[in-house]
Amino acid sequence: MSKVIVTRHPALVELLIADGVVPEGTEVLKHASPEAIEGKDVFGVLPLALASLARSITEIPLRLPPELRGVELTVAQMREHAGEPVTYYVKTKASRAAYYDEIAELAREGGAYMPPFKE
């Protein structure tokens, strides 16, 4: 699956690569557009409307003290305050049935049963 990083922070890109979360050479965008992230695994933070277009969205939660908020962090500061990556799958109500069907198909391929989708 195609991966893309959405951030304006160079230290986050370095951290994601150094920790093996994404491979070196992963595309980096300072600003997301629907066309750039649709169907991709995105690493960064997106508004929900855009996140619903991505295959997944992974964030690195930061627990920053007040004095570091709004400051460009170093990789060392990011590492000190970063939590484990958290991946989300954001779907709209309209796309939920299609998403469920996709998951059910993957389950069937693996020999599992999933009942039909019900609203």
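Do the conditions hold for S95, that is, is it polar (S, T, N, Q) and either within 20 Å of V22 (Cα to Cα) or touching a helix residue (DSSP H, G or I) at 6+ places or on another chain (Cβ under 9 Å) (or both)? Don't jump to the end; show me each part of the working.
Numbers: polar (S, T, N, Q): yes; either within 20 Å of V22 (Cα to Cα) or touching a helix residue (DSSP H, G or I) at 6+ places or on another chain (Cβ under 9 Å) (or both): no.
Judged against the criteria, S95 is not a match.
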Among the residues of the stretch 37-56, which ones are closer than 16 Å to R8 by Cα and among the aliphatic types (A, V, I, L, M)? I37, V42, V45, L46
Considering every residue within the stretch 34-42, establish whether at least one is more than 25 Å from E102 (Cα to Cα) and either within 11 Å of the chain's Cα centre (by Cα) or among the hydrophobic types (A, V, I, L, M, F, W, C) (or both). no
Positions within the stretch 75-92 being loosely packed, with under 13 Cβ neighbours inside 10 Å and closer than 30 Å to D19 by Cα, in sequence order: A76, G83, E84, V86, T87, Y89
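The numbers here are math on the coordinates, done by the rules we state, and not lab data. Bear in mind that the values here come from a model prediction, so they are computed numbers and not experimental data. As a convention, Cβ positions derive from the backbone with ideal geometry for all residues, glycine included, and neighbour counts pool all protein chains shown.
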